[in-house]
Amino acid sequence: VVLTANASAACRLVAEAFPFGPDSTLLLAADNHNSVNGTREHARRAGARLASIPLDDSLRLVEPERALRARRARGPSLFAFPAQSNFSGARHALSLVTEAQRHGWRVLLDAASYLPTADLDLRAVCPDFVVLSLYKIIGHPTGVGALVARNDALRMLVRPWFAGGTVRWVSVAHGTHRLSDGAEAYEDGTPAFGLAGGVAPALHAAVAADRDRLARHVASLTGALLDGFAGIDARGAARVRVHGPRGAHGRGGTVAFTVHAPDGRAIPYWTLETDARVAGIALRGGCFCNPGCAEAAFGLGTPRAAECLRALGDDFTIPRFAAALGGAPVGALRVSFGLGSVHADVARVLAWLAGVAERHARPR
Ligand SMILES: Cc1ncc(COP(=O)(O)O)c(C=O)c1O
């Protein structure tokens, strides 16, 4: 276990040290947080082949097993995917880890949004690298993250540098150094031990909670929200479009959606985000650092979207991007449930949405 500043730092440790070369492939799920997407820049620089597994209408991976069988080059190759999407809440099959390893891939599993409400049994599936945000597990907004790696996976990495705390010795005169063994070689500088000291008790508290009950509770809240959306649709004033799995199965407690006025037009997420804030509801809007999901949800993978991005250059803002695409939706709203959520929260969001629908139904 390597303690890191956050999950992004854990991704970077792997990305910069993975021995990518012209004979390597980096296979990324189209559903990935940017902290995993960034891995591609290291792979690209090393001349590795880049490949991606696309998403279907429910933002589930399209035939991932086929991609795992088909795409790997001869050299060290990496497959990276999230256990749970931070955009859609979709849970991708953990069996992909073993399947990928069977075909010779090293696997990076992003468990950052999965672990707060689900358990990962490393005896059942053992990814080469697991990245996570420890602070998310206990519901804190910031803290420390971790890279959990298999010893053999850690040994195949090639650290591109060294720092204080990671070396057995360094010679300035001879320009040589020797890294420490194992995880120690990856904890650069003075660790955040003020925070790290809190990890064990915090995890203890999280694990001591009845995790099965938590999972049932989150599923129940998620189901209630999705059912409530259907109720709003049924009244005909506005339509709520869910981006991701429409049912409560095979998903976690994260739900992304857009609201459409009776004329079919999507109401810009940023106006609704502000509206919700005024109503005392903290919703997040946008693509949530997961552009692959947004591209699949809103059809932004087109040459036209690429041209708009290029033309906007430094003048890029989300509203300008949306305007350049003729007012098309470019981001969603997101509700996430966890340990602290209760059914009254669902009722509050639904009541707010019903109000939004009513306002947009009124003739202006
Ligand atoms: C799925 C996923 N991966 C990675 C990250 C990055 O985590 P951190 O902010 O700890 O670097 C996030 C953050 O929300 C996330 O949801």
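Return the only residue of Ala205, Ala149, Ala173 being open to solvent by 40 Å² or more (accessible area, probe 1.4 Å), in contact (Cβ under 8 Å) with a residue 60 or more places away in the chain and hydrophobic (A, V, I, L, M, F, W, C). Lay out the reasoning, then the answer.
Values: Ala149 fails: open to solvent by 40 Å² or more (accessible area, probe 1.4 Å); Ala173 fails: in contact (Cβ under 8 Å) with a residue 60 or more places away in the chain.
The conditions single out Ala205.
Just the residues that are within 13 Å of the chain's Cα centre (by Cα) and either more than 10 Å from the ligand (Cβ to nearest atom) or without any contact (Cβ under 8 Å) to a residue 12 or more places away in the chain (or both), please, taken from region 103-114. I'd like the intermediate steps shown before the answer.
We begin by selecting, within region 103-114, every residue within 13 Å of the chain's Cα centre (by Cα); these are 108-114.
Passing the criteria: Leu108, Leu109.
Quick one: Asp315 ticks every box in (1) surrounded by 13 or more Cβ atoms within 10 Å (Cβ to Cβ); (2) at negative phi bar one, so which box is it?
Against the list (1) surrounded by 13 or more Cβ atoms within 10 Å (Cβ to Cβ); (2) at negative phi, Asp315 comes up short only on (1).
Determine the pairs where a residue that is small (Gly, Ala, Ser), located within region 10-24, has a partner that is open to solvent by 10 Å² or more (accessible area, probe 1.4 Å) and within 13 Å of the ligand (Cβ to nearest atom) with Cβ atoms under 7 Å apart, the partner being 6 or more residues away or on another chain.
Final answer for the pair search is Ala10/Thr4; Ala15/Gly38.
In region 26-46, what residues are touching a Gly at 6+ places or on another chain (Cβ under 9 Å) and either assigned to a loop (DSSP other than H, G, I, E, B) or closer than 18 Å to Ala163 by Cβ (or both)? Write out each step before concluding.
Let us first name the residues in region 26-46 that are touching a Gly at 6+ places or on another chain (Cβ under 9 Å), namely 28-32, 37, 46.
Once the filter is applied, which keeps residues that are touching a Gly at 6+ places or on another chain (Cβ under 9 Å) and either assigned to a loop (DSSP other than H, G, I, E, B) or closer than 18 Å to Ala163 by Cβ (or both), region 26-46 yields Ala30, Asp31, Asn32, Ala46.
State yes or no: is Gly250 out of contact with any Asp or Glu (no Cβ under 9 Å at 6 or more places or on another chain) and farther than 27 Å from Gly326 by Cβ? Walk me through how you get there before you give the answer.
Numbers: out of contact with any Asp or Glu (no Cβ under 9 Å at 6 or more places or on another chain): yes; farther than 27 Å from Gly326 by Cβ: yes.
For Gly250, the condition - out of contact with any Asp or Glu (no Cβ under 9 Å at 6 or more places or on another chain) and farther than 27 Å from Gly326 by Cβ - is met.
Considering each of Asp57, Asp128 in turn, give the residue that is open to solvent by 50 Å² or more (accessible area, probe 1.4 Å), at pLDDT 95 or above, acidic (Asp, Glu) and out of contact with any Leu (no Cβ under 6 Å at 6 or more places or on another chain). Outline the logic, then answer.
Numbers: Asp128 fails: open to solvent by 50 Å² or more (accessible area, probe 1.4 Å).
That would be Asp57, the only listed residue that is open to solvent by 50 Å² or more (accessible area, probe 1.4 Å), at pLDDT 95 or above, acidic (Asp, Glu) and out of contact with any Leu (no Cβ under 6 Å at 6 or more places or on another chain).
Taking region 290-300 only, how many residues are crowded, with 16+ Cβ neighbours inside 10 Å and either of a type outside the set (A, V, I, L, M) or outside any helix (DSSP H, G or I) (or both)? Lay out the reasoning, then the answer.
Taking region 290-300 first, the residues crowded, with 16+ Cβ neighbours inside 10 Å are 290-298, 300.
Restricting the remaining residues to those that are either of a type outside the set (A, V, I, L, M) or outside any helix (DSSP H, G or I) (or both) gives 290-293, 295, 298, 300.
Qualifying residue count for the region: 7.
Under 29 Å from His243 (Cβ atoms) and more than 16 Å from the ligand (Cβ to nearest atom): is that true of Leu50 in this structure? Spell out how you get there, then give the answer.
On the way: under 29 Å from His243 (Cβ atoms): yes; more than 16 Å from the ligand (Cβ to nearest atom): yes.
Taking the combined requirement at face value, the residue satisfies it.
From Asp188, Asp110, Asp152, grab the single residue that is under 30 Å from His217 (Cβ atoms) and acidic (Asp, Glu).
Working: Asp188 fails: under 30 Å from His217 (Cβ atoms); Asp152 fails: under 30 Å from His217 (Cβ atoms).
Of Asp188, Asp110, Asp152, the one residue that is under 30 Å from His217 (Cβ atoms) and acidic (Asp, Glu) is Asp110.
Which residues, counting only those in region 3-25, are part of a loop (DSSP other than H, G, I, E, B) and within 16 Å of the ligand (Cβ to nearest atom)?
In the first step, residues of region 3-25 are kept if they are part of a loop (DSSP other than H, G, I, E, B); the result is 5-6, 18-24.
Within region 3-25, Ala5, Asn6 meet the criteria.
So in region 70-120, with the set limited to residues that are outside any loop (DSSP other than H, G, I, E, B) and acidic (Asp, Glu), which one is surrounded by the fewest Cβ atoms within 10 Å (Cβ to Cβ)?
At the first step, the residues of region 70-120 found to be outside any loop (DSSP other than H, G, I, E, B) are 70, 78-82, 84, 90-91, 95-102, 106-110.
Add one more test, that the residue is acidic (Asp, Glu), and what stays is 99, 110.
Working: Glu99: 18, Asp110: 29.
It comes out as Glu99.
Can you tell me which of Arg71, Arg123, Arg106, Arg49 is at pLDDT below 95 and out of contact with any Gly (no Cβ under 8 Å at 6 or more places or on another chain)? Don't jump to the end; show me each part of the working.
Details: Arg123 fails: at pLDDT below 95; Arg106 fails: at pLDDT below 95; Arg49 fails: at pLDDT below 95.
Just a single option satisfies the conditions, and that option is Arg71.
The values are calculated or read from the model by the stated rules, or taken from the named source; none is laboratory data. Only a predicted model underlies this, so the values are computations on that prediction, with no experimental measurement involved. Virtual Cβ from ideal backbone geometry, glycine too; neighbours counted across all protein chains shown. Calculation scope for accessible area: heavy atoms of the full protein, side chains included, ligands and nucleic acids excluded. Shrake-Rupley method; radii C 1.70, N 1.55, O 1.52, S 1.80 Å.
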